[in-house]
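Where a number appears in this text, it was derived from the coordinates with a stated rule and is not lab data. Fair warning: this is a prediction, and the values are worked out from it, not measured in the lab. Virtual Cβ from ideal backbone geometry, glycine too; neighbours counted across all protein chains shown.
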C-alpha cells in the first residue's frame, strides 16, 4: 500500500447514552451519541463514562470498521444519501435489560438493512467529512455499478405480441400500459 494512503481498517469506539425509565412502557432506552476513533485509550471492555442517576454514557471500544470491495454498493448508497452516516447496531442483553451489546459499526446502507432484518436495533449518526472523503476514495476505487439488466429475447413472445412490441418500440419485457 502506498505510504500516503490510509489503511482500509479503522478502529472505532461507540458512545451510547442510557436513560432510566424514559416512559411508562420502558425501563431503559438507549441512544447512539457518536462513533469516535479508538486509539486504545478506552480499554477493551465496555465501561460507564458518566452517570447522574437518570442518564449515563457508555463507551464500547474495540470495534473495527473494515471496508470491503463487495460492499461498495452500500457505501455508494450511504455517500449519495444527502447525509452520509455511521450505522451502529446493538442488542439488549437477555440476562440484563439495562445493558446492550454493540454488534457492529458500519458505513454500509445494505449492511444496516441486513442487521435491521435480523431484529437488531440500528441507529445512525453523521459521518465526519474526513471519513466521507476516505470512504469516497475507497468507493471510487472499487465500486463497479451493475450493468444493464438483460432483456428477454423476443423469441419467447408469441408472434402477435412480438410484432406489436416491435411496432410500438417497446422492450420485450416492458409491462403493458393500461388503456386510458
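At a glance:
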item	result
Percentage relative contact order, the range 64-157, counting C-alpha pairs under 8 Å, at least six apart	33
Per-pair calculated FRET efficiency, R0 = 45 Å: residue 157 and residue 91 via Cβ, rounded to 0.05	0.35
Ordering of 9-16, 113-120, 68-75 by packing [mean C-beta count within 10 Å, highest first]	9-16, 68-75, 113-120
Inter-label distance for residue 167 and residue 69, nm, one decimal - labels placed 7 Å from Cα along Cα-to-Cβ	5.0
Computed label-point distance, nm, for sites residue 140 and residue 20 using a 7 Å Cα→Cβ extension	5.1
Where labels lie 7 Å past Cα in the beta-carbon direction, separation of residue 34 and residue 126 in nm	1.2
Average Cα contact separation per residue, the range 2-131, under 8 Å, 6 or more apart, as relative contact order %	23
